[in-house]
Structures are given as structure tokens and as C-alpha cells.
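The values are calculated or read from the model by the stated rules, or taken from the named source; none is laboratory data. Source: prediction; values computed, not measured. Every residue, glycine as well, gets a Cβ built from its backbone with ideal geometry; the counts of neighbours run over all protein chains shown. Ligands, DNA and RNA are stripped out before the accessible areas are found, and what is left, the full protein with its side chains, is counted by its heavy atoms. Shrake-Rupley method; radii C 1.70, N 1.55, O 1.52, S 1.80 Å.
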Amino acid sequence: MSRFEAKKPSLCKSEPLTSERVRATLSVLKGIVTSCYGPLGRLKQLHNSLGGSVCTTSQSSALLANLSVTHPILKILTTSMQNHVSCFSDCGLFTAILCCNLIENAQRIGLTPSTVIKLNKHLLRLCISYLKSEACGCRIPVDFSSTQILLCLVRSILTSKPASMLTRKEIDHISTLILRAFLLTIPENTEDHIILGESIIVPLKGQRVIDSTVLPGILIEMSEVQLMKGLPVKKSDSLKVALFCASLSGDLSDTGEGTVVVSYGVSLENAVLDQLLNLGRQLVSDHVDLVMCQKVIHPSLKQFLSMHRVIAVDRVGVALMEPLSKVTGSQPIGSLGSISPSSYGSVKDLCTAKFGFKHFFHLIPNEATVCSLLLCNRNDTAWDELKLTCQTALHVLQLTLKEPCVLLGGGCTETHLAAYIRHKTCNEPESILKDEGCNQTELHLITEAFCSALESLAASLEHDGGEILTDMKYGHFWSLQADSPSIVNWPDLLSRCGCGLYNSQEELSWSFLRSTCHPFAPQTCLPHEAAGSANYLTLDCFTAKLNGLQVAVETANLILDLSYVIEDKN
């Protein structure tokens, strides 16, 4: 009789955050994400020691997808980040750094977790209420009749991803293309509910970034031989299209599950080919000009269609099926039987195009909201990072359309918010003390820990040893180069604040970030003309950053509230 190993008891660890190993692990993760943050963030190279692909990035989505963590506390933190990024695409590093800062600061002040959690929730509510209010001094409304703010938003996203390896001219070019691609997805005739179209990113690696372009409709890569067969002759204002999701290869493996009964003397292959040719005859008799198939088309069927001046395109892939259906208005056909006339669609025109070394069919839609962003970059690594950045920017524009406002970037929202929270709790403590049942000392310590976490997050944008200052009027972020003289006239060394909204020639006074100074009320109610005065503002997505703030505080509270980690060792 075989021997069975006795079941091991679960391993219980109390107060996990008191463990030096856990603190060190959290510190390492914080160091990784902090060093990636911002336009000057350092790149990370992730690879498996056994081989495989190498990922060079500073983006949270790529970082988390390639980073393996095992400790339960780290899993909570990284899972929260991944969930946030999967929904909002942006502000993943912001969320992770703020969460780590909140945990570290809460441990440093030595108060009970329940008190810290309770007041963290209250301070979070203050932040959200302020950021959503009309009096907010770091929120700018978006006017969709002008592209200036939207271009600044897209440019800020591209600038913050150094692994894309773009010059200023290339950033401006790609920003314009992304905004144009987004605008092409908005239907012209909108009603109460807008249904956005789709931007398809088409790869063209090894070409100049400046050669990237946007085209309405869909580009389908083709071989030069395929293009030499010629285009269909337009018999009307549009071309009739049939779109197949079923395989037209005649392969018996595509018949599905079950038993195939074949009579004696019948060639199954010939029977299937006859069925395909009958299908081809129906397509010709229905005056179809273009046949597209997700999978493979049998060579005999291709030849038959070609003889009747019908273009056959196969292997388009599952990713293009939905956009093709939108562009053509056709219903994907899933069988080889008789085709309903309602399944057909149409396109305005079909032409050929050549970009770099690739040839394409270009489907020009009638009134579709689908476009192709032909994206070029010098090498695979830079292209992969640029593709991810463009997807993020397109998603951020969609979020901005739903909630038309943006936040000031470059660390200014964080320092402004910290100044507001300090002043609010210092001048109106009675209501907080009464509602939350804490004393003045606890409120002061936790408020300072919360505001310090925001300021440390802003300071993470500095990677070269420079000093960080904040002005005493707006509460904005200002960066001073390393090795600057200690006694100096500040306006001579400072140019613009982090977001680019204010310059140092205004009558401002500064103090070093996190230095001891009396709480002040930062100027609120951002004037509308201020936003239009600067051409190169650094901006953040309002929706993504607001959710990131909530996720960071809630995840930190969850981790601080952990009393036991119970691990099954079997």
C-alpha cells in the first residue's frame, strides 16, 4: 500500500506589517515603481533567466504583466493596480506609489490601524469632494470645440513614456494623429447616447515615426501577388461585401463535433469542394464584389471568385472581425449554406496602398466610425511601448469625453491637494474630531502622514537629485536643479511650475517641499483664461487619477487592517 504524506498545518503569521521581511519587500516594490515615474523615469528590463522575450518599459501595465510576486501583501497591492489599469489605462504608477507611501507613513506614526483607516477615509472624502467641486484650483474643464487642452493631455501621456524613444517633433506628430484618430471614432449624427467607433493600430516597424498616419476605414495587409490580381469594377456607388467567420478551407476538422456519415463511393473532399463552389456561385449571382474570411479560403474557391472579378481576402483574423462588421454593415456568416441577403454589407470603395515595405487593401467606409492608425517606430521594443502608449491615450480621451475635465499634472495637483487638506484640517478641525471620534494629536499626525504621502509622490518625479519647492500662493510643484546655490533669487533659477501653468516671474514666495511651514490656503477657482495662456501644459486624466486616488487609499487601508496572513503549505 502506498504511503501518504501527512497534511501540513496552515502557516499563520500575525501582524504581517511588523515583519522586517515584509517591510523590505514593500520597499523594493516601491523603489521599482517610483524609479519608473514620470518623463525622466528610469526604464526597467524584465526577462526570464531561462530565455524568451525581453520587455523594456516604464509603464505600469507592462511592468505588472511581466513582474512575478509571491507575497500575499504584494499580491493585494499589484492586483489592485492591475484592476485599476485594466479599467482606466492610466495612473497605475501614481496609484502604487501613493499606496506604498500611505502604508509607510502610517507605520511611522505608530497609531492604531483603526484610527489611521478611519481618518484616511475622511481625508479621501475631502479630496474627492474638493476635486469634483467648482472651486477646485487644479481642475480644468475641457472645451471640445478647441483641441488645445486635448492635445496637451495626449502630449503629456506620450512624454511620460520614455521607452517610446520619441523626439519633441515626433511627440507632436503622434499626439496630433491620436487626437485625429479619436475624433474619427465619434459619429457625426449623435443623439442622447454616443456609441464610439474604434481605432485600429496597424504595425509598421523599422520606419520613421514621422511616417505614421491615420486613415478612415480599415487597412488589411496583403501580399504583392494578391494585389496584382486587380480590384473589382464598381457597378454602383458602393461595393458589396460578404464577411465569413466560418472556415472556407474545406477542411473536415471545421465541421464541428459529431459523426460524419459518408455513403460508399462518395468522395468527401469532392463533396465539400462542390459545396464551396456552390457557395461561390451564389456569391457571384448575388453580385458580391469582396469576400473576406476570418480563416482560410480554399484555393479552388479563390480561383473561381477571381475568374468572376471577385476579390477574396482570407486570414483576416478574429481581431478585425468586429471592426469589419462595423465598417461594412455586414453580419459574419458562420455556415456554408444559403446566404441571407441581409448578411451582406458594403463599402464605399476599395483601393490599394503601400506604406514602407508593406502592401495593404484600404477599405473606405460609407459612414463608419472606424479608422486605422498606421504606427511606425524604429525597432520592436520602441514600437511595442509606443503602441501601449497610444492605446492608453485613446482610452484616456474616451474617459475625458464622458467626464470633460482634466487635472493639472507635473506634481502640481498632489502638492496643491496636500496644501488644501492641511489648511482644511487646521482651520476646521472641530467637525472632524466630532464625526470621527479622535483627538487633535491623532488628527494632526494622520493628516501630516496623508499630505506627506501626496508630496512624496510628487517628489518622485525628480530622479536627478534636484530640490523640490512649492509656492505659497497656488501650492504648485517647482523643481530646482541639483547643485544650485543655496542663497539665490528663486525666480532666476525657476522657470515654470510642474504643470506649466504659472511662471516664476509672478509675485510668488517658495518653500522647500515637506519643510515646516504654517498651513496656507492655496488659491482655488482656476481662472478660465489661465488654461488658455500656456501652449504646453502637463495634464492628467481626471477620471483615471480620481479613481487611482481612491484605489490607493482603500488598498493601503486594507493592507493596514491585516491582522493575520494564513498560508496553506500543502
Is it the case that S89 is crowded, with 23+ Cβ neighbours inside 10 Å, assigned by TED's automatic domain parsing to the domain that holds D540 and touching a strand residue (DSSP E or B) at 6+ places or on another chain (Cβ under 8 Å)?
no
Can you tell me which of (1) crowded, with 18+ Cβ neighbours inside 10 Å; (2) touching a Ser or Thr at 6+ places or on another chain (Cβ under 9 Å); (3) at pLDDT 90 or above is the one Q282 doesn't meet?
(1)
Is one or more of the residues making up segment 310-323 in contact (Cβ under 8 Å) with a residue 40 or more places away in the chain, open to solvent by 40 Å² or more (accessible area, probe 1.4 Å) and among the basic types (K, R)?
no
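One line per residue, one yes/no per condition, for (1) open to solvent by 50 Å² or more (accessible area, probe 1.4 Å); (2) outside the structural domain of C55 (by TED's automatic domain parsing); (3) aliphatic (A, V, I, L, M):
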residue	(1), (2), (3)
S335	yes, yes, no
S340	yes, yes, no
L350	no, yes, yes
L363	no, yes, yes
T381	yes, yes, no
E385	no, yes, no
C390	no, yes, no
H395	no, yes, no
Tell me yes or no: at least one residue of segment 197-204 is part of a loop (DSSP other than H, G, I, E, B), out of contact with any Cys (no Cβ under 6 Å at 6 or more places or on another chain), of a type in the set (D, E) and not assigned by TED's automatic domain parsing to the domain that holds C36.
no
Regarding segment 23-37, can at least one residue be identified that is assigned to a helix (DSSP H, G or I), open to solvent by 80 Å² or more (accessible area, probe 1.4 Å) and not aliphatic (A, V, I, L, M)?
yes
Against the definition (touching a residue at least 12 places away in the same chain (Cβ under 8 Å), assigned by TED's automatic domain parsing to the domain that holds S199 and out of contact with any helix residue (DSSP H, G or I) (no Cβ under 8 Å at 6 or more places or on another chain)), how does K326 come out, yes or no?
no
Six or more apart or on different chains, Cβ under 6 Å: which pairs go from a residue in segment 553-567 that's over 16 Å from Q107 (Cα atoms) to one that's open to solvent by 20 Å² or more (accessible area, probe 1.4 Å) and in a helix (DSSP H, G or I)? Could you list them?
V565/P72
From I76, I117, I103, residue being open to solvent by less than 30 Å² (accessible area, probe 1.4 Å) and either touching a Phe, Trp or Tyr at 6+ places or on another chain (Cβ under 7 Å) or more than 28 Å from S479 (Cβ to Cβ) (or both)
I117
Members of segment 38-50 that are out of contact with any strand residue (DSSP E or B) (no Cβ under 9 Å at 6 or more places or on another chain) and either charged (D, E, K, R) or part of a strand (DSSP E or B) (or both):
R42
Touching a Lys or Arg at 6+ places or on another chain (Cβ under 8 Å), part of a helix (DSSP H, G or I) and β-branched (V, I, T): which single residue out of T381, T415, T447 fits that description?
T447
Quick check on K13: is it in a strand (DSSP E or B), at pLDDT below 85 and open to solvent by 80 Å² or more (accessible area, probe 1.4 Å)?
yes
